[in-house]
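Engineer: Got a structure for you, questions after.
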Amino acid sequence: MTLALKNFALAPIHALALLTGAKSFRDNPLIGSRRLNEWGLHAGRVQLAHALAASRRARLAAGISAADRAAFDRDGFVIRRDVLPAAAFEQLRERVLGHRAPAREMVQGDTITRRIALDPAFLRAIPEVREIVDGMLWRGLTRYVGSYDQEPVTYVQSILSQVIDAPPDPQTHLHADTFHPTVKAWYFLTDVEEDAGPFSYVPGSHRLTPQRLAWERQMSLVARTADRLTSRGSFRVGVEALPALGLPPPRLFTVPANTLVVADTFGFHARGPSLRPALRIELWGYGRRNPFLPWAGADLLSLPGIAARRAPLYWSALDLRERRLGKRSPWRDAGLLTPGAPAAPIR
């Protein structure tokens, strides 16, 4: 089947995808259409998604403090230090860092991202983790920032920087994850140093200002033929472009362990560069839902018995797709590992 015939056959699916979080300019000819984007398709999707997110956040605002709301509305992130008492944190960290569990790894440039799912088995083995991910602080912030009353997908995440002889990690380039508000959370179990790949974020870049909307529109006209990640809908931006958008330089989050950061990753962010081999370990979560839903709750995937199983089910689906369709999963089975285990040879 020719590409034109394939696109014609899939036209109804491509059209329906416009009402979802679909973002790939390369895979969806409507999203990637220069003509439609000149007429305002991408800009319109961005505006509608942000308006609906603001409405949902207003209904979730009571879940966090006024100070945290003000910090988020200004910066696009909230940072809270000393989340647990010192003794409780040391016990949590010791148990998490010493626990061997099924791990998956993904290679990006010279960096390995390792994830261990906070699935029912992990939570039974280390119930102290629930004090964080079921706590009022984590729940309130992830829901308000993400604009949905939903459980984030959660992991123990380890970032092993400069462990492969390869080009630099592409996640060190400033980018927005997608075209609509979405949430990620980092509860750091290790100190984060300035030269060891800290999280970075451009304060205020989550706001849909006239400058940002104009930039989104311009990017939509060229995204389809841009670099791979931009063409997939995760727009890259250079530091030199920030002043024209009315934005300051990125902030590096060099923070001690026992710090929580929750951010809207429509805002420009990146993994800061590592000047040496380094290891960063955190409890990490993300939440992303159809941005065009007017209601904040009713998320079936957040139901008890389902929420904690989403990560292993996702990995199993990727494995099945690889076996049946031959499309290689980016998340490779690394066996039973502790979060801080040395990088294994790449298979």
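Where a number appears in this text, it was derived from the coordinates with a stated rule and is not lab data. These figures come from a predicted structure and were not determined experimentally. No Cβ is skipped: glycine too gets one built from the backbone with ideal geometry, and neighbour counts run over all protein chains shown.
Engineer: Mind giving me the FRET efficiency for Leu275 and Leu10? R0 is 45 Å, r the Cβ-Cβ distance, nearest 0.05 is fine. Please report the intermediate quantities before stating the final value.
Structural biologist: Values: r = 46 Å, r/R0 = 1.02.
Efficiency, rounded to the nearest 0.05: 0.45.
Engineer: Give me a comma-separated list of calculated 3J(HN,Hα) values for the range 138-147, in order, Karplus coefficients 6.51, -1.76, 1.60 applied at θ = phi - 60°, integers in Hz, x for any Gly or Pro.
Structural biologist: So the Karplus estimates, Gly and Pro as x, are 4, 4, x, 5, 5, 6, 5, 5, x, 6 Hz.
Engineer: Where does helix 310-325 land angle-wise versus the long Cα axis of the chain, in degrees 0 to 90, nearest 10?
Structural biologist: 60
Engineer: Using DSSP to define loop residues, name the trypsin sites (Lys or Arg not before Pro) in the range 32-88 whose beta-carbon has at most 15 other beta-carbon atoms within 10 Å. Don't skip to the end; give the middle numbers.
Structural biologist: Working: sites: Arg34, Arg35, Arg45, Arg56, Arg57, Arg59, Arg69, Arg74, Arg80, Arg81; in loops: Arg81.
Filter output for the range 32-88: Arg81.
Engineer: Output the 0 to 90 degree angle, nearest 10, between the alpha-carbon long axis of helix 86-97 and the longest principal axis computed from the alpha carbons of the chain.
Structural biologist: 70
Engineer: In the neighborhood of Tyr148, defined by Cβ-to-Cβ distances under 11 Å, what is the net charge if each Lys or Arg adds +1 and each Asp or Glu adds -1?
Structural biologist: On the way: positive: Arg56, Arg57, Arg59, Arg143, Arg288, Arg289; negative: Asp149, Glu151, Asp299.
That works out to +3.
Engineer: While we're looking at this one, here's another question. Calculated FRET efficiency, Arg95 and Ser316, Cβ-Cβ r, R0 35 Å, to nearest 0.05?
Structural biologist: Details: r = 26 Å, r/R0 = 0.76.
Between Arg95 and Ser316 the formula returns 0.85.
Engineer: Quick one: net charge of Thr230's neighbours, Cβ under 15 Å, K/R +1, D/E -1? Intermediate values should be presented prior to the final figure.
Structural biologist: Working: positive: Lys23, Arg26, Arg34, Arg217, Arg224, Arg228, Arg232, Arg236; negative: Asp27, Asp177, Glu216, Asp227.
Local net charge: +4.
Engineer: Separate question: Just rank Asp110, Asp227, fewest to most, by other beta-carbon atoms within 10 angstrom. Show your work: numbers first, answer last.
Structural biologist: Details: Asp110 18, Asp227 13.
In order of increasing Cβ crowding within 10 Å: Asp227, Asp110.
Engineer: Label point 7 Å out from Val239 along Cα-to-Cβ: which residues of the range 272-310 have amide N under 15 Å?
Structural biologist: Within reach of a label on Val239, which here means backbone N under 15 Å from a point 7 Å along Cα→Cβ, the range 272-310 contributes 272-275.
Engineer: Any chance you could give the angle, 0 to 90 degrees and rounded to 10, that helix 41-60 forms with the longest Cα principal axis of the chain?
Structural biologist: 40
Engineer: Considering only the other residues whose Cβ falls under 12 Å of the Cβ of Ala121, what net charge follows from Lys and Arg at +1 and Asp and Glu at -1?
Structural biologist: +2
Engineer: Sticking with this one: How compact and how long is the chain, expressed as Rg and Dmax of its alpha-carbon atoms in Å?
Structural biologist: 20.0, 63
Engineer: Could you put Ile31, Ile132 in order, starting from the residue whose Cβ has the fewest other Cβ atoms within 10 Å?
Structural biologist: Values: Ile31 24, Ile132 21.
Least crowded to most crowded, the residues run Ile132, Ile31.
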